[in-house]
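Just below is one structure, and these are the notes that go with it.
The values are calculated or read from the model by the stated rules, or taken from the named source; none is laboratory data. These numbers come from a predicted model, not from an experiment. Glycine also receives a Cβ, built like all others from the backbone with ideal geometry; neighbour counts cover every protein chain displayed.
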Amino acid sequence: MKIINNAAVIFNYTIKDETGTMLESNANEKVGYIHGSGTTLPGFESALEGKDAGYTTTIVLSPEHAFGDHDESLIIHVPISDFHGQELSLDMEFVMEDGQADEANSIVWRITELTEETVTLDGNHPYAGKTLTFDIEVKEVRVASEEELEHGHIHFDDFDNLSEH
């Protein structure tokens, strides 16, 4: 089956930065998406459109096609007293709503600096501002079930034939 809208796609990937440093890989976990659902990077979807299981490729995505440019306005300094004695650590993350009812408007803030008086929070994705190289291998393609389409994600139990890596 070809990768088209509403196809359930399982793939392996490795992400590297501009220097070739590996940032992440899914070597030991199943990862997938429903094609056309808007739940993955647009550049990623367009690179896989019309391909089959077994397809391998390397794609390079600039920040505007990956996780966006680094936005300095998403770095804030908050008095440590606002955390009311909560134990804090670098890279700790908090999800905060932006006042909208839509969950998509939530921002994940990551602690990037701690002092005795201030917590520096960064709302940028950790890969924002980076050109990323994705090595991709499509493992499986099938029609997404009605339940998966309703839920907006793949149910991995439906991939009984996928061998573990």
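The table that follows gives values for the structure above.
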{"quantity": "Candidate set from the stretch 79-101 (those that are of a type outside the set (Val, Ile, Thr) and part of a helix (DSSP H, G or I)); member that is surrounded by the most Cβ atoms within 10 Å (Cβ to Cβ)", "calculated": "PHE83"}
{"quantity": "Residues located in the stretch 1-14, provided they are under 14 Å from PHE134 (Cβ atoms) and touching a His at 6+ places or on another chain (Cβ under 6 Å)", "calculated": "VAL9"}
{"quantity": "Entirely in the stretch 3-78, the strands (runs of 3 or more DSSP E) that have 1 or more residues that are over 27 Å from GLU146 (Cβ atoms)", "calculated": "7-16, 22-25, 56-61"}
{"quantity": "Out of VAL60, VAL31, sole residue that is surrounded by 13 or more Cβ atoms within 10 Å (Cβ to Cβ), of a type in the set (Val, Ile, Thr) and touching a residue at least 60 places away in the same chain (Cβ under 8 Å)", "calculated": "VAL60"}
{"quantity": "Long-range neighbours under 9 Å by Cβ, at least six apart or interchain, first residue at positive phi and not assigned by TED's automatic domain parsing to the domain that holds VAL60 within the stretch 112-132, second modelled with pLDDT of 95 or more and assigned to a strand (DSSP E or B)", "calculated": "none"}
{"quantity": "Verdict on ASP17 being surrounded by fewer than 16 Cβ atoms within 10 Å (Cβ to Cβ), of a type in the set (D, E, K, R) and closer than 24 Å to LYS130 by Cα", "calculated": "yes"}
{"quantity": "Residue within the stretch 65-82 that is hydroxyl-bearing (Ser, Thr, Tyr) and more than 16 Å from the chain's Cα centre (by Cα) present", "calculated": "yes"}
{"quantity": "Extreme residue, modelled with the lowest pLDDT, among residues of the stretch 83-121 that are polar (S, T, N, Q) and under 19 Å from the mean Cα position of the chain (by Cα)", "calculated": "ASN105"}
